[in-house]
Amino acid sequence: MIETGRKLLIFKEALRLILVKDFTRGSFLVFVVVGLDDFRGSKPNRLASERSVYLRRHAYNPVDWYPWGDEAFRKAKKEDKPVFLSVGYSTCHWCHVMERESFQDPEVAKMLNEAFVCVKVDREERPDIDAVYMKVCQAMTGVGGWPLTVIMTPDKKPFFAATYIPRESRFGIMGLRELVPRILEAWRNRRREVEEAADVATSMLSVKLHAGEAPGDDALHRAYEALSSFFDERVGGFGYA
């Protein structure tokens, strides 16, 4: 028997297959949401019981998503893994593109599950988390947007931030299939550098949040020194070409 929660999810997705009357032309426009079959025959992750519609949309991804909370970070500490945080919202175009390209892809999902504890956040449900880590992204990259992608230590200290990341490297953006192994290599073999970068990024963020002013030149220099040692300037991301 299909679980009640799964029935509800499939029902809601089925409702998105609708006929909309075009009265000006006397015809019908059919809107089909592709991907409903992806929900069948798979086991839901921990997002299935969340209140957020956006989070429940990801409940049948092969990515082993956790909601933001103590359970995810305890697991990260126990397994000595960094946390992969993805923040988005229901009407975000590139959030859906990244889900379709990567989070629904079994190969990418396996890489993410093995390397990280993966956490999904709805920015409309948790604007506080979104605001904090968006500042991180803007401080590290100079830009912001959604989906917001942040990789952090189990102590919630960020050391990598980006927005949309494609499955494959293109347009000068390193794809997840190349990025994940590089970050994993840095985490395993250059932990001290990663943690130093995370400490500096956290201190910079603390200055901005609590003092309401930009970090000084010394903090910026230390952040650059810590990050540049394992950042690929040619295509972006961690590791060396």
- Do you know which residues across the stretch 73-103 are closer than 15 Å to Trp146 by Cβ, of a type in the set (A, V, I, L, M) and part of a helix (DSSP H, G or I)? Val97, Met98
- With respect to Glu225, is the statement that it is at pLDDT below 85, in a loop (DSSP other than H, G, I, E, B) and not assigned by TED's automatic domain parsing to the domain that holds His93 true? no
- Starting from the stretch 118-132, take each residue that is among the charged types (D, E, K, R) and list its partners that are at pLDDT 95 or above and assigned to a strand (DSSP E or B), counting only C-beta distances under 6 angstrom and pairs at least six apart or across chains. Lys120/Trp65; Lys120/Ser86; Arg123/Val87; Asp130/Val87
- Message: Taking the condition of being among the hydroxyl-bearing types (Ser, Thr, Tyr) and part of a strand (DSSP E or B), how many residues in the stretch 129-165 meet it?
- Response: 1
- Message: So in the stretch 54-72, with the set limited to residues that are assigned to a helix (DSSP H, G or I) and in contact (Cβ under 8 Å) with a residue 60 or more places away in the chain, which one is surrounded by the most Cβ atoms within 10 Å (Cβ to Cβ)?
- Response: Leu55
- Has the stretch 104-127 got any residue that is assigned to a helix (DSSP H, G or I), modelled with pLDDT of 95 or more and closer than 14 Å to Trp68 by Cα? yes
- Can you tell me which residues in the stretch 174-184 are outside any loop (DSSP other than H, G, I, E, B) and either touching a helix residue (DSSP H, G or I) at 6+ places or on another chain (Cβ under 9 Å) or not assigned by TED's automatic domain parsing to the domain that holds Val136 (or both)? Leu176, Arg177, Val180, Pro181, Ile183, Leu184
- Query: Within the bounds of the stretch 135-144, is there any residue that is free of Cβ contacts under 8 Å to residues at least 60 places away in the same chain, hydrophobic (A, V, I, L, M, F, W, C) and within 16 Å of Tyr60 (Cβ to Cβ)?
  - Reply: no
- Message: If the requirement is being in contact with a strand residue (DSSP E or B) (Cβ under 6 Å, 6 or more places away or on another chain), buried (at least 16 other Cβ atoms within 10 Å of the Cβ) and in the same structural domain as Val117 (by TED's automatic domain parsing), which of these qualifies: Ala162, Ala201, Ala197?
- Response: Ala162
- Message: One residue is enough: does the stretch 95-106 have a residue meeting the conditions surrounded by fewer than 17 Cβ atoms within 10 Å (Cβ to Cβ), over 24 Å from Ser49 (Cα atoms) and of a type in the set (Val, Ile, Thr)?
- Response: no
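The values are calculated or read from the model by the stated rules, or taken from the named source; none is laboratory data. Quick caveat: nothing in here was measured; it's all calculated off a predicted structure. Note that each Cβ is placed from the backbone with ideal geometry, even for glycine, and that neighbours are counted across all protein chains shown.
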